[in-house]
Amino acid sequence: MKIVRAFSAPALLLFASPAWAHPGHEQGVLAGLAHPWTGADHLLAMVMVGMLGVARGGRAVRAWPIAFLGAMIAGFAIGRGGVALPLVEPMVLASVIMFGLVAATAIRVPVMVGAAMIALFGLYHGHTHAAEAGSAGAMGFAIGFLASTATLHLLGMAGGMALRQDWRRAAGGAAALAGIALSLA
């Protein structure tokens with residue numbers, strides 16, 4: 001029964017419609033709170049950051065989610081300032097695949113290397129959020145998506161602590177496969 005639960009959510013994400021690229025794009029705190037939960041790409045990447053931190057242990061438990069959040073704020077500011085980054089959507093999808101592969105292979109990434117990789121992808125997630133924030137209420141939107149992102153990191157940490165290594169690896173594999181499916185959609 002545990003195997004069914006472990007694979008149910010990631011499997012359902014594979015059947016999501018490509019229109020998930022986040023409905024509505026309303027403005028303000030509530031829209032920002034909802035946003036990371038409505039896009040499989042953001043949701044998976046953010047949960048995996050927390051799970052990866054727990055799997056690595058030590059300083060990574062705190063450093064990796066903080067690196068993602070900090071870089072996401074910077075990416076949001078860059079995007080709101082009108083600075084374009086290349087390949088934004090492909091990089092967001094690459095984050096899901098990369099984080100999933102790191103978890104699936106249980107590679108022991110040095111803390112600073114992991115923080116740099118996670119921050120790079122966080123920058124792109126933040127830039128994407130800037131484009132989706134709308135013209136008014138951007139600060140509220142940012143506060144909302146930061147709160148939801150931190151919550152998703154905590155959920156990933158909880159999942160990482162609850163699962164044995166082989167189950168964390170399976171969850172990483174499922175996330176990587178979902179990322180590949182999202183990139184082909």
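Please treat every number below as a calculation from the coordinates, not as lab data. The structure displayed is predicted, hence computed values, not measured ones. Note: ideal-geometry Cβ built from the backbone for every residue, glycine included; neighbour counts use all protein chains shown.
Each label point is 7 Å from the Cα along the Cα-to-Cβ direction; what then is the distance between the points at residue 164 and residue 37, in nm?
3.2 nm
What is the angle, in °, between the Cα long axis of helix 29-38 and the longest principal axis of the Cα atoms in the chain? Nearest 10 is fine, range 0 to 90.
Helix 29-38 sits at roughly 40 degrees to that axis.
Identify, among 139, 125, 66, the residue whose Cα sits farthest towards the positive end of the charge dipole of the chain, taking +1 on the Cβ of Lys and Arg and -1 on the Cβ of Asp and Glu, with the dipole about the Cα centre.
In the chain, that residue is 66.
Measure nothing but the geometry: give the 0 to 90° angle between the long axis through the Cα atoms of 60-80 and the longest principal axis through the Cα atoms of the chain, rounded to 10°.
Helix 60-80 and the main axis of the chain meet at about 20 degrees.
Roughly how big is the chain's charge dipole about its Cα centre, with Cβ charges of +1 (Lys, Arg) and -1 (Asp, Glu), in debye to the nearest 20?
Computed about the Cα centre, the dipole is about 740 debye.
How big is D for region 109-185, in µm² s⁻¹ as a whole number, if Stokes-Einstein is applied with the Kirkwood radius of its Cα pairs at 25 °C and 0.890 mPa s?
Value of D from the Cα-based Kirkwood radius: 166 µm²/s.
Would you mind putting 39-47, 57-65 in packing order, based on average other-beta-carbon counts within 10 Å, highest first?
39-47, 57-65
How much length, in nm to one decimal, is gained on full extension between residue 77 and residue 59, taken as 0.36 nm per residue of separation minus their Cα-Cα distance?
Value of the extension gain: 3.8 nm.
I'd like the orientation of helix 111-132 relative to the chain: the angle between its Cα long axis and the longest Cα principal axis, in ° from 0 to 90, rounded to 10.
40 degrees
Scale the Cα Rg of the chain by the rule-of-thumb value 2.2 N^0.38 Å and send over the ratio, two decimals. Before the final figure, lay out each step's value.
On the way: Rg = 15.3 Å, N = 185, 2.2 N^0.38 = 16.0 Å.
Taking N as the residue count of the chain, the ratio is 0.96.
On full extension of the chain, what length is gained from residue 29 through residue 108, given 0.36 nm per residue of separation minus the C-alpha to C-alpha distance?
24.8 nm
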